[in-house]
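**Q** Got a structure here, written out as structure tokens. Questions coming.
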Amino acid sequence: MTVFKTKKELQKFALETRRSGRTIALVPTMGFLHKGHMSLIDIARAKADVVIVSVFVNPTQFAPNEDFDSYPRDFERDAKMCEEHKVDVVFAPEPSEMYDADASTFVNEMMLSRPLCGASRPTFFRGVTTVVTKLFHLAQPDFAVFGEKDAQQLLVIKRMVRDLDFPIEIINGKLIRDEDGLATSSRNRYLSQDERQRALAIHQSLLGAKAAIIADPGKIDVALHNAKAVITAAGGRVDYVSALDTETLEAPTKKTRRLIVAAAAFFGTTRLIDNEMFDL
Ligand code: AMP
């Protein structure tokens, strides 16, 4: 396994790989890897000749009051896990390598990035689409794998790839949970034992809403109200609990086939997200 720290090294390697006729799969991450990330890496490994994993805590997707500085980092451990899962290349640049100090070009998706996380984190998706565009240009992947844990991000990336004609197939990875139902996340590291226990309410609230909506699709508002109450009762502070059409991220209509019930909530100072997607 090779570790590249510079954009030049990665792009040279990627162009040579493509020229030799081998396919590339990219898995973008912010590191502090867990079994959610590893499931994406395994999908990439099965799909392409060469697997590239990026480990980069991307400053442009954090607002000034957010956790960029404290975001957990452990590169040695990440590299070991990548090696064990037969990754070919880890790309781990410094922010100063990724962005020139006077960088002034951004990629903006204007529709799907508005609701849910986009409402409370207005510059988040601009940071994501910009860094993913840069990673696509550097790693030249045939395939890129993103997790359904960040379902809105996945939709935004797919829309960007469609709208801007990137010759890349985006592959979904299923949302991976711990045994107790908590969605695995690097940010779970911030939770005290008590907070972690109480945070199980997020997934429980989503399962409750899913069951209620399937039983009576006419009463989505009641289901969401009850889901919020479950999180609040566990001591969480709800950012949103919403049920939207998975294609448009707008309120469901008669045409809606598949629904996403998504939640974001704070336990202590830690903001966690989760979702359930299901056919109507
Ligand atoms: P992150 O490092 O949190 O930015 O995530 C990098 C990639 O891993 C994204 O595509 C995420 O959706 C995905 N991911 C993170 N957690 C999970 C999980 N629990 N299950 C599936 N994919 C995940």
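**Q** Cα centroid distance between the stretch 224-280 and the stretch 85-129, in Å?
**A** Distance between centres, Cα-based: 23 Å.
**Q** Also, quick follow-up: Between L272, V222, T253, whose Cα lies farthest towards the positive end of the dipole of the chain when Lys and Arg beta carbons carry +1 and Asp and Glu beta carbons carry -1, centred on the Cα centre?
**A** About the Cα centre, the residue reaching furthest to the positive side is T253.
**Q** About its Cα centre, how strong a charge dipole does the chain have in debye, to the nearest 20, once Lys and Arg get +1 and Asp and Glu get -1 at the Cβ?
**A** Rounded to the nearest 20 debye, it is 400 debye.
**Q** To the nearest 0.05, what FRET efficiency results for E169 and T248 with a Förster distance of 25 Å applied to their C-beta separation?
**A** Using R0 = 25 Å, I get an efficiency of 0.70.
**Q** Could you tell me the center-to-center distance, by alpha carbons, between the stretch 51-65 and the stretch 137-175 in angstrom?
**A** 16
**Q** Also: For the stretch 113-128, just list the computed ³J(HN,Hα) in residue order, Karplus coefficients 6.51, -1.76 and 1.60, θ = phi - 60°, integers in Hz, with x standing in for Gly and Pro.
**A** Listing the rounded values in order: 8, 7, x, 6, 5, x, 6, 8, 10, x, 9, 4, 5, 4, x, 5 Hz.
**Q** Continuing with the same structure: What pairs in K5/K228; K5/K210; K80/K149 have C-alpha atoms more than 32 Å from each other?
**A** K5/K228; K5/K210
**Q** Only counting other Cβ atoms within 10 Å, I'd like S70, S186 sorted with the fewest neighbours first.
**A** The most exposed by this proxy come first: S70, S186.
**Q** Which of the lysines could be linked to K47 by a straight reach, that is with a Cα gap under 20 Å, when you skip same-chain ones fewer than 8 residues away?
**A** K35, K86, K158, K174
**Q** Which ordering of V161, V50 is given by a fewest-first count of other beta-carbon atoms within 10 Å?
**A** The order, fewest Cβ neighbours first, is V161, V50.
**Q** Compute the Kirkwood hydrodynamic radius of the stretch 64-140, taking the inverse of the mean of 1/r over all pairs of distinct Cα atoms, and give it in Å to one decimal.
**A** Answer for the stretch 64-140: a Kirkwood hydrodynamic radius of 15.0 Å.
**Q** How big is the Cα convex hull of the chain in projection, averaged over all directions, in nm²?
**A** Average projection, Cα convex hull of the chain: 14.8 nm².
**Q** Quick check: from the Cα gyration tensor, does the stretch 67-193 come out rounded (a/c under 1.5), prolate or oblate?
**A** Rounded, since a/c falls under 1.5.
**Q** On to the next question. Amide H of D274: which non-local residues (sequence gap of 5 or more, or other chain) have their own amide H closer than 5 Å, using H built in the peptide plane?
**A** Distant-sequence amide H within range of D274: A263.
**Q** Another one. Of all the C-alpha pairs in the stretch 1-155, what % are more than 21 Å from each other?
**A** Tail of P(r) above 21 Å: 45 percent of Cα pairs.
Readers should treat all values here as calculations from the given coordinates under stated rules, not as data from a laboratory. The structure displayed is predicted, hence computed values, not measured ones. In this analysis, Cβ positions are derived from the backbone assuming ideal geometry, glycine residues included, and neighbour counts consider all displayed protein chains.
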